Amino acid sequence: MKPPRHTALVLLLALGAGSWWLAGNHAAAPSTESAGPAGSPGYYINDATLEQTDDAGRTTLSAHASRALQQDAGSSVALESPTVRYRADSGRAWLMTAQRGTLPQGRSLVDLDGDVALRAEGAAGAVVHTEHLELDVPAQVASTAQPVRIDLPPHSLLAGGLHADLTKETLRLEGTVHGTFSR
């Protein structure tokens, strides 16, 4: 049996007020810390999952991170150890992992940094490795100007950058390209 909606709302408000009171500084001593910039505070979330949906309500982007942090309201969101799942219009799901990530405020981008890997989800195909990757969500493109290594065991390919169209499933390598393919 589900409690009435107003009961759940009252409990939620009471929980919020109790949390605010417990987190507050109830001592009368003046603070020696500066108040910081004016404006609304940001937030942090441990074990966070942030999702984006299309007009039909289907999840197109899911970013899971061990921690998501926004310093000030309206600023970019920093992600620690992100795993990003992206579903292109083609229906193909892509998986990206990194040490750090950023969701820039006001832009439909995901910036990934540090030991970045990109692969088609659920496929035993090629894996792209680089130190930086930018996912442009509206354009459905992943790109980097950093060196990349593409592993398709036992083969490996090195390039100076890449432009991956995730809808057309095409990859354009940039810069000098080196590869090793053997039977």
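The values are calculated or read from the model by the stated rules, or taken from the named source; none is laboratory data. Being a predicted model, the structure only gives us computed values, none of them experimental. Heads up, the Cβs are rebuilt from the backbone with ideal geometry, glycines too, and the neighbour counts pull from every protein chain shown.
Scanning the stretch 77-95 for residues that are assigned to a strand (DSSP E or B), within 18 Å of Asn46 (Cα to Cα) and of a type outside the set (A, V, I, L, M, F, W, C) yields Glu80, Thr83.
Take Gln71 and tell me if it is modelled with pLDDT under 90 and assigned to a strand (DSSP E or B). Yes: the conditions hold for Gln71.
Could you tell me which of the residues Gly106, Gly101, Gly114 is assigned to a loop (DSSP other than H, G, I, E, B) and either in contact with a strand residue (DSSP E or B) (Cβ under 9 Å, 6 or more places away or on another chain) or not aromatic (Phe, Trp, Tyr) (or both)?
Values: Gly101 fails: assigned to a loop (DSSP other than H, G, I, E, B); Gly114 fails: assigned to a loop (DSSP other than H, G, I, E, B).
Exactly one residue qualifies, and that residue is Gly106.
Of everything listed in (1) more than 18 Å from the chain's Cα centre (by Cα); (2) part of a strand (DSSP E or B), the single unmet condition for Val128 is (1).
Enumerate the strands (runs of 3 or more DSSP E) found wholly within the stretch 134-183, keeping only those where 3 or more residues are farther than 16 Å from Glu121 by Cα and aliphatic (A, V, I, L, M).
Numbers: elements: 141-144, 148-152, 155-159, 161-165, 170-174, 178-180.
It comes to 155-159.
Within the stretch 93-106, is even one residue among the hydroxyl-bearing types (Ser, Thr, Tyr), more than 20 Å from Leu50 (Cα to Cα) and free of Cβ contacts under 8 Å to residues at least 60 places away in the same chain? Looking for residues that are among the hydroxyl-bearing types (Ser, Thr, Tyr), more than 20 Å from Leu50 (Cα to Cα) and free of Cβ contacts under 8 Å to residues at least 60 places away in the same chain, one finds none in the stretch 93-106, hence no.
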